[in-house]
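Worksheet: the structure to be examined is printed underneath.
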Amino acid sequence: MVELSISACERLIKKGGGERVSKEAAEELAKILEEIGVDISKQASTMALHAKRKTVKADDIRLASKI
């Protein structure tokens with residue numbers, strides 16, 4: 001199940017220049033963004049644990065997104 005809303009993904013596609021957006025395109029973007037988000041979150045969690053913290057901070061997310 002995808003956590004991101006389809007309407008939010010439609011808005012992102014339109015922000016990127018899409019004039020009209022199919023439901024399938026928005027659903028696919030939601031799946032891909034969720035996969036990327038989970039990967040970044042896993043890396044950020046590992047960084048927080050390495051720093052001996054239980055809390056994932058914004059800096060962890062920023063650094064993980066660059067890896």
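Where a number appears in this text, it was derived from the coordinates with a stated rule and is not lab data. Note that this is a predicted model, so its numbers are computed, not measured. Note: ideal-geometry Cβ built from the backbone for every residue, glycine included; neighbour counts use all protein chains shown.
Quick notes
- Within the range 44-67, residues that are in contact (Cβ under 8 Å) with a residue 12 or more places away in the chain and surrounded by 13 or more Cβ atoms within 10 Å (Cβ to Cβ) sit with their Cβ atoms under 6 Å from residues that are outside any helix (DSSP H, G or I) and not hydroxyl-bearing (Ser, Thr, Tyr), at 6+ positions apart or across chains, in these pairs: ALA44/VAL56; SER45/VAL56; ALA48/VAL56.
- Selected residue (criterion: surrounded by the fewest Cβ atoms within 10 Å (Cβ to Cβ)) from residues of the range 22-43 that are acidic (Asp, Glu) and either over 12 Å from the mean Cα position of the chain (by Cα) or more than 21 Å from GLU10 (Cβ to Cβ) (or both): GLU24
- Condition met for SER45 (among the hydroxyl-bearing types (Ser, Thr, Tyr) and under 15 Å from SER65 (Cβ atoms)): yes
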